[in-house]
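Data first, discussion second: the structure below is written as C-alpha cells.
The values are calculated or read from the model by the stated rules, or taken from the named source; none is laboratory data. Since we're looking at a predicted model, the values are computed, not measured. Methodologically, a virtual Cβ is constructed for each residue, glycine included, from the backbone with ideal geometry; neighbour enumeration extends over all protein chains shown. Each accessible area value is taken on the protein alone, full model and side chains, heavy atoms only, with ligands, DNA and RNA left out. Shrake-Rupley method; radii C 1.70, N 1.55, O 1.52, S 1.80 Å.
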Amino acid sequence: QVQLVESGGGLVQAGGSLRLSCAASGIISSIHTMRWYRQAPGKQRELVATISSGGITVYADSVKGRFTISRDNAKNTVYLQMISLKPEDTARYYCNAWRTPSDYWGQGTQVTVSS
C-alpha cells in the first residue's frame with residue numbers, strides 16, 4: 001500500500017520559515033517525479049515545486065527564491081524548505097508522487113502564515 005505522509009506544517013509569522021516533509025512508503029520515491037502542491041480555501045490547487053527523478057527542480061514564480069524542494073533517497077523523503085513566508089502562502093500543502101501510470105497523493109499539511 002502506497003502512502004505519502006506530509007508533516008511540518010503549522011502557524012508561523014510572516015517572514016518566518018518552515019520545512020515540510022513527505023515520507024513515502026510502498027514506493028521508491030527516487031524513481032518518481034515528486035511535487036508539492038497547495039490549495040487555499042476557495043482557490044484551485046496550485047503546483048508549487050517539482051523535483052524529477054534526475055534531481056531537476058522547477059518552481060512556481062510565486063515561490064521562486066523562497067522555497068527549495070529536495071529529496072533524501074535514503075530516507076525515501078522529499079522536503080520543501082520555505083523561507084520568507086508571506087500570508088499568501090497560507091494553504092494546505094500536498095505531496096504528490098508521479099510515475100506513469102501511477103499518481104499518488106498525501107493528505108496534506110496545513111501552513112498558516114500570520115501577518
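So here's what we get for this one:
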item	result
Unique match (being more than 15 Å from the chain's Cα centre (by Cα) and on the phi > 0 side of the Ramachandran plot) among 42, 108	42
Pairs with Cβ under 6 Å, 6+ apart, first in the range 19-42 and closer than 15 Å to residue 67 by Cα and touching a residue at least 60 places away in the same chain (Cβ under 8 Å), second in a loop (DSSP other than H, G, I, E, B) and open to solvent by 30 Å² or more (accessible area, probe 1.4 Å)	19/8; 20/8
Boolean, residue 68 is within 12 Å of the chain's Cα centre (by Cα) and either of a type in the set (Phe, Trp, Tyr) or more than 14 Å from residue 109 (Cβ to Cβ) (or both)	yes
Residue ID - farthest from residue 25 (Cα to Cα), chosen from residues in the range 47-99 that are small (Gly, Ala, Ser) and in contact with a His (Cβ under 8 Å, 6 or more places away or on another chain)	53
Every residue from the range 20-60 that is among the basic types (Lys, Arg) and crowded, with 18+ Cβ neighbours inside 10 Å	35, 38
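Quick grid of which residues meet (1) in contact with a helix residue (DSSP H, G or I) (Cβ under 8 Å, 6 or more places away or on another chain); (2) within 15 Å of residue 48 (Cα to Cα); (3) modelled with pLDDT of 95 or more:
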position: 77; (1), (2), (3): yes, no, yes
position: 87; (1), (2), (3): no, no, yes
position: 95; (1), (2), (3): no, yes, yes
position: 99; (1), (2), (3): yes, no, no
position: 102; (1), (2), (3): no, no, no
position: 107; (1), (2), (3): no, no, yes
position: 110; (1), (2), (3): no, yes, yes
position: 115; (1), (2), (3): yes, no, no
